[in-house]
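Colleague: Questions regarding the structure given below will be posed in turn.
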Amino acid sequence: MNILGLILFLLIAGGVAWAAERINPNAPRWVGLIAFIAAGAYVANAWAGGYAYANQYIEWIPRFGIHVILSMDGLSLMLTALTLFLGAVAVVSSWTETKRRTGFFQFNVLWVMAGVVGVFTALDLFLFFFFWEVMLIPMYFLIAIWGHENKAFAAMKFFLFTQISGLLMLFAILALVYFNYANTGSITFNYNDLLGAELAPDVAFYLMLGFFVAFVVKLPGVPFHTWLPDAHTQAPTAGSVILAGILLKTGAYGLIRFVIPLFPDASAQFANWAMFLGALSILYGGYMAYSQSDFKRLVAYSSVAHMGFVLLGAFAFLDAGDGAAGMNPLGMQGAVVTMIAHGFSTAALFMMAGALQERLHTREMSDMGGLWMRAPRMGVMTMFFVVASVGMPGLGNFIGEFLVLLGAFQANVPLTVAAALGVVVAAVYGLVLLQRAFQGEPNPDVPAMRDFGLREMTVMTLMMAALIWIGVYPQPLLDLSAPVIETLWITP
Amino acid sequence: MTGADLQALAPHLVLIGGTLALLLAISFVRSHVLALAVTLATLVATLFALPASNAAGARVIDGLLAIDAYANFFNALFVMAAIASALLGYRYLERRITLAHREEFYVLLLTATLGAMAMASATHFAAFVLGLEVLSISLYAMIAYPEEGQAPLEAALKYLVLSGVASTTQLFGMALAYAATGSMAFEAAFSAGSLLAVAGQAMILAGVAFKLSLVPFHMWTPDVYQGAPAPVTGFVATVSKGAVVALLLRYVVETGALGAAPLVLGVVIIAVVSMVVGNLLALLQDNLKRILAYSSIAHIGYLLIAVVLAASISGAPMALETGMVYLAGYFLMTLAAFGVMTVLSSEAGGEDAERLEAYEGLFWQRPLLAATLSAAALSLAGIPLTIGFIAKFYLFAAGAEGELWTLVWALVIGSAIGVYYYLRIIFTMTKTPAAEDVGEAREAAPAATERAGAWEAAAVVVALGAGIVVFGIYPTPIIDIARAAAQAFGG
């Protein structure tokens, strides 16, 4: 599979979409949709044919030992597939919402996704950072140009948080490379070469923290989450779908792919704190979600809670005897499954929020009420995804959270108990959302509204099917991630 | 002086010849186009003379000028910046200067470039002073060039007076150095570590810091940037600072001037304060020229990482390489930003397009210009895909090599603050101006005719923008040249 080609394809499609606006304001949307479907079909075909795993190695800046190293393994593959699928969802969800400057809009959507695919496949730290930043700027534009009433503030906050934490990561990357250079005498940014870097324990710890903070800001975990509710609330629907569905996963991916394998001992040393932050995110995110009156803000805070599970699972190190720490496959797999399932369920809920805002021009749940009567299809869909999101057995999120809790239980009982309480909180805010918006007496002030049409229902049904599939038969996903997770841990 | 020396000096000779030809041409025929043509021909010929000069090998001429790959790298930058400034200035002058007074601008541009080239090669205090004064005196006149308005005159006067003070301080420092060592050559200057020598050193560095507008010698910068006409501001921001940086790096490496610990500490403090104060003050500005002025203070502050690294013998090659790559990037992005400003200023009358409001909605009316300014702003902020990231990356690498962690931290903090005001520029351009909803036809019709006006300036600007992105993605050509020049330095 040609990963570089895939990324370039998305970038070029972005340019085409921008230019296509001259023909017809509708044309860019079709360009975006077709590009994502074509790219998705390419990946799916490679996946089905068994030749998806790939490794590309091209010299880039030899002065610093920087290469274009793109590699596709099971974890990258499922995340790339998710990215392309949600890209199409994002295009569809904003089909009628964005009326101005559709060309530049689709350009930005395609470029974010190209950057994300790069992030999920890059195995050169410089290249990884490059893509990490490439996905930022278009996202900034999406919020700043097409956002809602407070877009300037939200876009700036989003950018500053990610950029500053990105600088921290750049610092850590360069320090890592430098210390490796001091030991081995060769400058390299190659992930596989750096895996074995020998670092003094305290140095490793600080470098690990640099990476950790950058990824936890993106995840986001308490206390670095404050950009998320603002960015989500102000972003256009496609922006929220991309943010929640994909961009948060880059933080989780970074923790799993970089923090733990590059600094295993330092991570183990820090594991209890990370798990504590995870549990705190679960409870605090749930509590905050419960206290929101804004539909989108509620879903945004629920993301903080769900991503807390990822943090909890990924850092649930086991005691391997002799004081050494060992990898916890259950927790790690739970984290991976949670990432994927959350991608679907939250993207769907944000799409719902966007659809409601487009129809009612409000996100306040107190202005809604009884919408089920007016738009039964939207009601059913909301119910399904709310139930999925609170972790109903049989649906994807349950598998993820269950595995995380199972894994975390072996590592730290009190924190697991606390986190498990978060599942209860989730049920509360999920049902509150459903009840306030869709049930109860119909609000007489609500104008007549259009129910979901074929376009929206198709997308929703696809996401529903995905969640049921993960919930009922997660084995393929687990098989895909298991070998990756094994290789992440190099026992000293 | 041998034939090989003359060959090494070929770029300078071509430039001097071209300047004289331009003077003659002006005294016979007053034609703006002709003056531009002679200028461009001279500069392009100078550019082509650079490889010939390189072929002569590194030479020191009369102990005054070292013509080597390092100097020629900067010479190429200066000449290209002069070409860009000449093209940018053409319409601007045509709009704003009465018929009989346009041509001398190009003479000043050429002499300023010559001064900068001398500085890049200087290995002796005499050459240092000569180059600096040729450059500065040309700049005074260039800043004061517009006939209307008080601002340019005020800026020029401010620059003249303060620059004079800095120059005298510097001269005094050189006198002290001479008293301590008995030689005006860089190599000998500070072999003696006496108090006299250190004091002289500090005074020379203070003069340099003034030219580089480092905090606390930065007060003149925003006012001069604001008062000077836009194309000249771009030239001041790039060539005049670039020349001083080129000189400073060579000076530090050749003299081992930062040998004394208090001096290193002083430079580190100046660097940290410049990075932080420059960025903080830029946050408060609503004027693009002033934003860029403060931003340049911060950027030269970043660059001091290379200067500190240059003080150690093992770090010198990396420091020189960093300086070269960083300045190449800085030239591209700064010229691009001022270029966009010049294009917009040449089309409108009145004051330069320097207030941020003038850029509202630029994304939708002039996508190419807006994209270029965005690229420049992102590059100044150091975001990947742009040369500014590569430049900043080099500073990180240089800082790591010298283990200058304090400076690297300051760089991180400064960059973090900087992101805000660079983004603000971009955000302003994405705003929808209120007027657009009223009548899009209104702006479409007259703009089309004006747009045709400054095409050569617009072409320069877009080329600069493309350079920012192309070298941001594939910097290897610049890196290779800079690395080779740095390795060959002094050897």
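The values are calculated or read from the model by the stated rules, or taken from the named source; none is laboratory data. Predicted model, so just to flag it, every value in this text is computed and none were measured. Using ideal geometry, Cβ is built from the backbone for each residue, glycine included, and neighbour counts are taken over all protein chains shown.
Colleague: Failed condition for A:R359, given (1) basic (K, R); (2) crowded, with 20+ Cβ neighbours inside 10 Å; (3) modelled with pLDDT under 90, with all others met?
Modeller: Just one mismatch for A:R359, condition (2).
Colleague: Considering only segment A:319-336, I want to know if a residue exists there that is on the phi < 0 side of the Ramachandran plot, surrounded by fewer than 24 Cβ atoms within 10 Å (Cβ to Cβ), in contact with a Pro (Cβ under 7 Å, 6 or more places away or on another chain) and in a helix (DSSP H, G or I).
Modeller: The answer is no; no qualifying residue exists.
Colleague: May I ask you to verify whether B:E94 is among the charged types (D, E, K, R), farther than 27 Å from B:L249 by Cα, assigned to a helix (DSSP H, G or I) and in contact (Cβ under 8 Å) with a residue 24 or more places away in the chain?
Modeller: On the way: among the charged types (D, E, K, R): yes; farther than 27 Å from B:L249 by Cα: yes; assigned to a helix (DSSP H, G or I): yes; in contact (Cβ under 8 Å) with a residue 24 or more places away in the chain: yes.
Judged against the criteria, B:E94 is a match.
Colleague: Please verify whether A:F270 is surrounded by fewer than 24 Cβ atoms within 10 Å (Cβ to Cβ) and at negative phi, treating the condition exactly as stated. Walk me through it before giving the result.
Modeller: On the way: surrounded by fewer than 24 Cβ atoms within 10 Å (Cβ to Cβ): yes; at negative phi: yes.
Yes: the conditions hold for A:F270.
Colleague: For segment A:78-95, check the following and say yes or no: at least one residue is more than 18 Å from A:L462 (Cβ to Cβ) and of a type in the set (G, A, S).
Modeller: no
Colleague: Here is a further query. What residue, of B:A141, B:A199, is surrounded by fewer than 19 Cβ atoms within 10 Å (Cβ to Cβ), of a type in the set (A, V, I, L, M, F, W, C) and under 22 Å from B:Y106 (Cβ atoms)? Write out each step before concluding.
Modeller: Numbers: B:A199 fails: under 22 Å from B:Y106 (Cβ atoms).
Checking each option against the conditions leaves just B:A141.
Colleague: Let me confirm something: among A:L84, A:L75, A:L10, A:L79, which residue is over 26 Å from B:L385 (Cα atoms) and among the aliphatic types (A, V, I, L, M)? Break it down stepwise before answering.
Modeller: Details: A:L84 fails: over 26 Å from B:L385 (Cα atoms); A:L10 fails: over 26 Å from B:L385 (Cα atoms); A:L79 fails: over 26 Å from B:L385 (Cα atoms).
Exactly one residue qualifies, and that residue is A:L75.
Colleague: Scan segment B:127-152 residue by residue and report those that are of a type in the set (A, V, I, L, M), under 23 Å from B:L93 (Cα atoms), part of a helix (DSSP H, G or I) and without any contact (Cβ under 8 Å) to a residue 40 or more places away in the chain. Walk me through it before giving the result.
Modeller: So the first thing to find is which residues in segment B:127-152 are of a type in the set (A, V, I, L, M), and the list is B:127, B:129-130, B:132, B:134-135, B:137, B:139, B:141-144, B:151.
The next check asks that each one be under 23 Å from B:L93 (Cα atoms); those that pass are B:134-135, B:137, B:139, B:141-144, B:151.
Next, from what is left, pick out any that are part of a helix (DSSP H, G or I): B:134-135, B:137, B:139, B:141-143, B:151.
Within segment B:127-152, B:V134, B:I137, B:A141 qualify.
Colleague: Ok, one more. Looking at (1) free of Cβ contacts under 8 Å to residues at least 40 places away in the same chain; (2) not in a helix (DSSP H, G or I), which is the one condition that is false for A:V380?
Modeller: Against the list (1) free of Cβ contacts under 8 Å to residues at least 40 places away in the same chain; (2) not in a helix (DSSP H, G or I), A:V380 comes up short only on (2).
Colleague: Let me ask something additional. Restricting attention to segment A:1-52, report how many residues are of a type in the set (K, R) and either surrounded by 15 or more Cβ atoms within 10 Å (Cβ to Cβ) or in contact with a Pro (Cβ under 9 Å, 6 or more places away or on another chain) (or both). Give the derivation first.
Modeller: Initially, segment A:1-52 is screened for residues of a type in the set (K, R), giving A:22, A:29.
Now drop any that are not either surrounded by 15 or more Cβ atoms within 10 Å (Cβ to Cβ) or in contact with a Pro (Cβ under 9 Å, 6 or more places away or on another chain) (or both), which leaves A:29.
Qualifying residue count, segment A:1-52: 1.
Colleague: Separate question: For the condition under 28 Å from A:Q475 (Cβ atoms) and touching a residue at least 40 places away in the same chain (Cβ under 8 Å), what is the one hit in A:A420, A:A411?
Modeller: Working: A:A420 fails: touching a residue at least 40 places away in the same chain (Cβ under 8 Å).
Exactly one residue qualifies, and that residue is A:A411.
Colleague: Restricting attention to helices (runs of 4 or more DSSP H) lying wholly within segment A:110-214, give those where 2 or more residues are facing chain B (nearest Cβ under 10 Å) and small (G, A, S). Can you show your working first?
Modeller: Details: elements: A:125-134, A:136-146, A:151-184, A:191-194.
In segment A:110-214, the matching helices (runs of 4 or more DSSP H) lie at A:151-184.
Colleague: Is at least one residue of segment A:94-103 surrounded by 24 or more Cβ atoms within 10 Å (Cβ to Cβ), more than 11 Å from chain B (Cβ to nearest Cβ) and closer than 30 Å to A:A52 by Cβ?
Modeller: Scanning segment A:94-103 turns up at least one residue that is surrounded by 24 or more Cβ atoms within 10 Å (Cβ to Cβ), more than 11 Å from chain B (Cβ to nearest Cβ) and closer than 30 Å to A:A52 by Cβ.
Colleague: So B:I313 clears everything in (1) within 30 Å of B:F210 (Cβ to Cβ); (2) touching a helix residue (DSSP H, G or I) at 6+ places or on another chain (Cβ under 6 Å); (3) among the β-branched types (V, I, T) except one condition, right? Which one?
Modeller: (2)
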